[in-house]
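Down below is the structure, laid out as C-alpha cells.
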Amino acid sequence: MAAHDQYVDAETAAELLGVSRATLYAYVSRGQIHTSGSDGDPRRRLYSAYDIDELNKRKTIGRRPRAVAETTLDWGLPVLASSISLIDEGRLYYRGHDAARLAENSTLEDTARLLWDCGATDPFADPANIPERFDPYVTNLTRPLPLTERCQSLLPLVAAGRTTAWQRSARALWPGAATLIRAMAGAASCSSADGAPVHKHLAREWECGDFGGDLIRRALILLADHELNASAFAVRVVASTGASLGACLNAGLSALSGPMHGGTTSLVELLFDDVRQAGGAAAAVETRLRRGDGVPGFSHPLYPEGDPRAAALMPLLPRDASRDDLIAVMEDTAGKRPNIDFALVSLRRALGLPRGSALALFAVGRSVGWIAHALEQNAEGGLIRPRARYVGPAPED
C-alpha cells in the first residue's frame with residue numbers, strides 16, 4: 001500500500017480516505033495527492049496509494065491533540081501553508097518554476113521579483129533603492145566579526161525606513177526590500193553596495209571575473225529559498241509579531257549561523273582540510289567515521305536521490321582531483337551524494353574566494369526568500385504561537 005509506484009482508481013481512493021469524490025479532487029487540486037493516467041484509458045485518472053496512506057496518517061494525528069504538539073515540527077510534515085517554494089520528487093520549485101532552470105539564465109533580482117510576487121514592478125530599477133555607502137571606519141570595525149554578526153551589525157545602518165512599517169502594503173515594502181538585499185551583499189563582502197546586479201558586485205569585490213560571476217549568479221538563485229527550513233520559520237515567527245523586515249533578516253541570519261544550517265559550510269571547509277592533511281579522501285573519511293564525527297556536506301533528508309542544487313552547480317566547476325576523489329569515496333562507502341553545502345565550499349575553493357564566502361553566498365541568496373516569507377506572513381496575519389506539552393514536575397497543590 002505504501003509503495004511509491006502504486007496507484008488506485010477514484011472509487012478506491014475515496015473509500016480509503018473515507019471522503020466523497022469531490023473531497024478527493026480537492027486534495028488533488030491542493031497537491032496533496034498525485035495522479036497518473038491509466039494505460040488503458042488516458043482519460044481515466046489514477047491516484048497515488050502512497051499519498052493516500054500519508055494523508056490518512058496525518059488525519060489520524062490530527063485527531064490526537066497531543067500527537068499534533070509532538071509531531072508538527074518533524075521533518076516532512078508541513079507547518080504553514082505557503083505559495084513561495086515547493087520541494088517535490090527531488091526538485092525545487094519557486095512559485096511553480098524549477099529553480100535549477102531559473103539558475104541557467106536569471107539573476108537574483110529576477111528571482112526576488114518572482115518570490116516577492118512583484119509582477120511587472122521592478123524595485124531594483126529605481127536608483128533611490130541603492131543604499132548609502134557604509135562608513136569605511138564602521139566597516140573596518142566589523143570586518144573581524146563572523147559573517148552573520150557583521151551583517152547584523154551593518155544592516156541597522158541602512159536607510160531603509162520603508163521596511164519598518166508593516167501597515168504598508170507589500171508594494172510599498174518592495175523598494176526597502178531591494179535596498180536590504182543590496183546592503184546584504186555589501187555587508188557580506190565588506191564593501192558598499194551599488195546598483196550593479198548582486199552577482200556582478202560580488203564578483204568584482206572578490207576579483208573572480210566573468211566565469212566566477214556566472215557561478216555566483218547560479219548559486220545565489222539556487223539558494224534563494226528552501227521551503228520552511230529553520231531560518232525561514234524563524235523569519236516567519238518574527239514577522240508574525242509585526243517586526244520590521246530588517247528584524248526579520250536579523251532572525252534569519254541568527255538561525256543560519258548554526259552548524260546544523262548554513263554554518264555547515266565551515267564544517268565542510270574543515271573536511272577539505274582533513275583530506276589534504278590525510279593525503280587522500282579515503283583516509284580522511286575513514287578517520288572521521290572511526291571517531292564518530294560524520295562527514296558533513298553529503299545527503300539531505302528532503303533529497304534521498306541527491307540535492308538538485310548541488311547537481312546544478314558541481315558539473316560547472318573546474319575539475320579538482322581531490323574533490324572528485326572525496327565524492328567518489330562517499331558514493332562508494334555510504335551511498336551519499338554532495339549537498340548544497342559541499343557545492344558552495346567547492347565553488348569557493350575553485351574560484352579562490354576568501355574563506356567564509358560560501359556562507360556569505362548562502363546569506364545573501366537566502367535573504368530573498370526570507371523577505372518573501374516575511375511578506376507572505378504579514379499578508380496572512382496572526383501570531384505564530386505554538387503550544388507546548390508540559391513534561392516537568394507536577395504542579396504544587
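Determine, from the Cβ-Cβ distance of Glu331 and Asp214 and an R0 of 25 Å, the FRET efficiency 1/(1 + (r/R0)^6), rounded to the nearest 0.05. So, using R0 = 25 Å, E works out to roughly 0.40.
Loop-located trypsin sites (Lys or Arg not before Pro) in the stretch 340-397 (DSSP state not H, G, I, E or B) with no more than 14 neighbouring Cβ atoms inside 10 Å: Arg355, Arg387, Arg389. Skip the ligands, DNA and RNA, and give the accessible area per residue of the stretch 202-349 with a 1.4 Å probe, whole Å². Averaged over the residues of the stretch 202-349, the accessible area is 41 Å². The stretch between Arg387 and Thr121, if pulled fully straight at 0.36 nm per residue, gains 91.8 nm over its current Cα-Cα span.
Quick check of the Kirkwood formula: for the chain, what is the inverse mean of 1/r over all pairs of different Cα atoms, in Å?
Numbers: mean 1/r = 0.0435 Å⁻¹.
So the Kirkwood estimate lands at 23.0 Å.
Give me the percent of accessible area attributable to carbon and sulfur for the stretch 207-354, probe 1.4 angstrom. List each step's numbers first, then the result.
Details: 3240 of 6100 Å².
Taking all protein chains in place, the stretch 207-354 shows 53 percent carbon and sulfur surface.
Take 225-231, 367-373, 240-246 and order them by the average number of nearby Cβ atoms within 10 Å per residue, most first; the result is 367-373, 225-231, 240-246. Fully extending the segment from Lys57 to Ala230 would add 59.9 nm, taking 0.36 nm per residue of separation and subtracting the current Cα-Cα distance.
Charges were assigned to the Cβ only: +1 to each Lys and Arg, -1 to each Asp and Glu. The resulting dipole of the chain about its Cα centre is roughly 760 debye. Largest GNM mean-square fluctuation among Gly31, Gly213, Gly279, using the chain with Cα springs under 10 Å: Gly31.
The values are calculated or read from the model by the stated rules, or taken from the named source; none is laboratory data. Keep in mind it's a predicted model, so treat the numbers as computed, not measured. Using ideal geometry, Cβ is built from the backbone for each residue, glycine included, and neighbour counts are taken over all protein chains shown. To get the accessible areas, we keep the full protein, side chains included, count just its heavy atoms, and leave off ligands, DNA and RNA. Shrake-Rupley method; radii C 1.70, N 1.55, O 1.52, S 1.80 Å.
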